[in-house]
Amino acid sequence: MNDILIHKTTDFFHQTFGSEPSKTVLSPGRINIIGEHIDYNDGFVLPAAIDKIICFAFEKNNSDTAKIVAIDLNDEFEVCVNDDQKQTDSVWTNYLRGVLNQLKMNGYSVEGFNCVFSSNIPVGSGLSSSAALECGFLFGLNELFDLKIRTIDIALMGQKAEHWVGINCGIMDQFSSVMGLENKVIKIDCRTLEFEYHEANFNDYSLILFDSNVKHSLMTSAYNERRQQCEEGIAIIKSNFPEITSFRDCNEQHVLELQHVMSANVYKRCLFVVKEIKRVTQACDALDKGDIETLGKLMFETHEGLSLDYEVSCAELDFLVHTVKEDKSVIGSRLMGGGFGGCTINLIKKGQEERIKQQLSTLYLDKFGIELKIYDVKIGNGTSLYIAK
Ligand code: GAF
């Protein structure tokens with residue numbers, strides 16, 4: 001699948017610029033097994049890069065102009081690489097403008113270049129196509145101009161570019177996009193950025209994503225609001241319990257004791273965060289032990305928390321999770337990513353995948369009149385140079 005994408009991108013590059021690209025970069029989207037809305041709360045998350053990617057092709061063009069073509073969008077733009085970049089109405093270009101600004105702000109200088117890219121990461125599905133875009137673009141410029149930016153800084157600068165576009169996100173998406181490893185999930189400590197790889201062995205179960213095919217417009221504002229509510233919550237907790245430095249030091253009792261000084265929403269958000277941080281550690285231990293049933297149970301709990309306490313689900317996602325929960329072949333399911341649409345991640349007994357896919361597609365279409373999209377995901381490598389064989 002990715003070979004087709006790579007050929008399409010490099011052929012298009014050749015047709016457009018009349019030469020072969022000097023650097024070709026593959027940058028993946030991500031899944032998250034568990035630990036949602038936890039990265040910006042200094043907790044632990046358990047994501048992985050996937051085999052859905054954006055392919056970029058680059059060359060220098062001996063000018064001070066960047067010419068960038070988005071093949072799938074049939075769109076392009078040109079900028080002077082020395083200019084300060086401003087936000088535009090064209091969102092996809094803003095991510096790349098944000099990266100160019102980051103380079104400038106951090107003292108890296110680039111010259112003119114040509115770039116084309118194409119993707120098979122579904123957009124708006126919670127698979128972090130934007131992190132793949134920022135990190136792949138930055139990785140490519142790092143290679144093209146030999147900037148010597150460390151991998152972790154590619155993730156951090158990508159995150160800053162995303163903030164500039166408008167989502168005050170945590171580090172999970174960019175981190176997993178650049179640090180992913182085939183068949184490994186990454187347990188990231190989002191406070192220290194320490195991380196460890198764990199074997200992604202789900203034994204008798206397959207990881208399947210069901211894409212609700214909806215994207216509610218609330219996403220950006222609600223996401224930023226959740227982050228703000230958590231900041232308010234942890235400030236209250238810290239001022240009452242000086243020994244606590246972040247949510248990971250709290251237990252439910254701490255939050256409960258402060259219910260009377262928190263707004264109802266802030267209280268619910270804090271409760272979710274404290275429980276979710278604990279679930280990530282339990283889930284990772286369960287995965288290591290091959291206890292996939294426990295992992296699945298924790299995923300269902302996460303969904304309920306995201307739906308009822310964090311309030312980032314929607315009717316379509318709740319339906320997808322609650323429907324599969326009725327079937328004993330599905331041992332875990334939850335909304336994945338920021339919420340308000342996008343995918344659910346599911347653990348389905350091997351051999352039962354096709355039956356579940358068909359049944360759920362029919363029920364979902366009947367209920368919402370929307371076609372369910374389905375992705376069988378493989379866990380892949382992080383952003384890398386593509387070397388033709
Ligand atoms: C989005 C954000 F970009 C991540 O940083 C993370 O907070 C996620 O939502 C929720 O876990 O993907």
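Looking at Ile31, Ile4, can you tell me which residue is β-branched (Val, Ile, Thr) and surrounded by fewer than 21 Cβ atoms within 10 Å (Cβ to Cβ)? Result of the check over Ile31, Ile4: Ile4. Taken together, the criteria place Gly341 among residues that are in contact (Cβ under 8 Å) with a residue 12 or more places away in the chain, on the phi > 0 side of the Ramachandran plot and in contact with a His (Cβ under 6 Å, 6 or more places away or on another chain). Of the residues making up segment 138-145, none is modelled with pLDDT of 95 or more, in a loop (DSSP other than H, G, I, E, B) and under 16 Å from the mean Cα position of the chain (by Cα).
Here Ser27 does not fit the description of being among the small types (Gly, Ala, Ser) and more than 16 Å from the chain's Cα centre (by Cα).
Within segment 283-310, the set of residues being acidic (Asp, Glu) and touching a residue at least 60 places away in the same chain (Cβ under 8 Å) comprises just one member, Asp288. Could you look through segment 105-135, keep only residues that are away from the ligand (no atom under 16 Å from the Cβ) and over 24 Å from Ser63 (Cβ atoms), and pick out the one that is surrounded by the most Cβ atoms within 10 Å (Cβ to Cβ)? Ranking the candidates gives Ser119 first.
When Asn74, Asn61 are checked against the criterion of being more than 16 Å from the ligand (Cβ to nearest atom) and free of Cβ contacts under 8 Å to residues at least 12 places away in the same chain, Asn74 stands alone in meeting it. Taking the criterion of being hydrophobic (A, V, I, L, M, F, W, C) and farther than 22 Å from Phe12 by Cα, the residues of segment 65-112 that qualify are Cys80, Val81, Val91, Val99, Leu100, Leu103, Met105, Val110. Here Ala388 passes the criteria (1) modelled with pLDDT of 95 or more; (2) part of a loop (DSSP other than H, G, I, E, B) except the one numbered (1).
Taking every residue in segment 28-42 that is more than 16 Å from Phe300 (Cα to Cα) and pairing it with any residue that is among the basic types (Lys, Arg) and buried (at least 24 other Cβ atoms within 10 Å of the Cβ), at least 6 positions away or on another chain, the pairs with Cβ-Cβ distances below 6 Å are Gly29/Lys52. All of Asp51, Asp42 fail the test of being surrounded by fewer than 24 Cβ atoms within 10 Å (Cβ to Cβ) and within 14 Å of the chain's Cα centre (by Cα), apart from Asp51.
Being surrounded by 14 or more Cβ atoms within 10 Å (Cβ to Cβ), of a type in the set (Phe, Trp, Tyr) and in contact with a strand residue (DSSP E or B) (Cβ under 8 Å, 6 or more places away or on another chain) holds for only one residue in Phe202, Phe241, Phe247, and it is Phe202. For segment 157-274, the helices (runs of 4 or more DSSP H) that sit wholly inside it and include 3 or more residues that are within 16 Å of the ligand (Cβ to nearest atom) are 172-179, 219-240. Within segment 361-380, being without any contact (Cβ under 8 Å) to a residue 60 or more places away in the chain and either of a type in the set (Lys, Arg) or loosely packed, with under 15 Cβ neighbours inside 10 Å (or both) holds for Thr362, Leu365, Asp366, Lys367, Gly369. Scanning segment 209-254 for residues that are in contact with a Gly (Cβ under 8 Å, 6 or more places away or on another chain) and of a type in the set (Asp, Glu) returns a single hit, Asp211. Go through segment 3-42 and give me each residue that's of a type in the set (S, T, N, Q) and more than 16 Å from the ligand (Cβ to nearest atom). Thr9, Thr10, Gln15, Thr16, Ser19, Ser22, Thr24, listed by residue number. Checking Val45 against (1) touching a residue at least 40 places away in the same chain (Cβ under 8 Å); (2) away from the ligand (no atom under 16 Å from the Cβ), only one condition comes out false. Which one? Tallying (1) touching a residue at least 40 places away in the same chain (Cβ under 8 Å); (2) away from the ligand (no atom under 16 Å from the Cβ), Val45 fails exactly one: (2). What about Tyr310, is it within 16 Å of the ligand (Cβ to nearest atom) and among the aromatic types (Phe, Trp, Tyr)? Yes.
Just one of the listed residues (Ser177, Ser217, Ser212) is hydroxyl-bearing (Ser, Thr, Tyr) and under 14 Å from the mean Cα position of the chain (by Cα), and it is Ser177. Taken as a whole, the condition of being surrounded by fewer than 16 Cβ atoms within 10 Å (Cβ to Cβ) and in a helix (DSSP H, G or I) does not apply to Ala286. If you go through segment 145-159 and keep only what is surrounded by fewer than 20 Cβ atoms within 10 Å (Cβ to Cβ) and either touching a Phe, Trp or Tyr at 6+ places or on another chain (Cβ under 6 Å) or within 30 Å of Glu225 (Cβ to Cβ) (or both), you end up with Leu147, Ile152, Asp153, Leu156.
The values are calculated or read from the model by the stated rules, or taken from the named source; none is laboratory data. Keep in mind the model is a prediction, meaning the values are calculated, not measured. We place every Cβ from the backbone using ideal geometry, glycine too, and count neighbours over all the protein chains shown.
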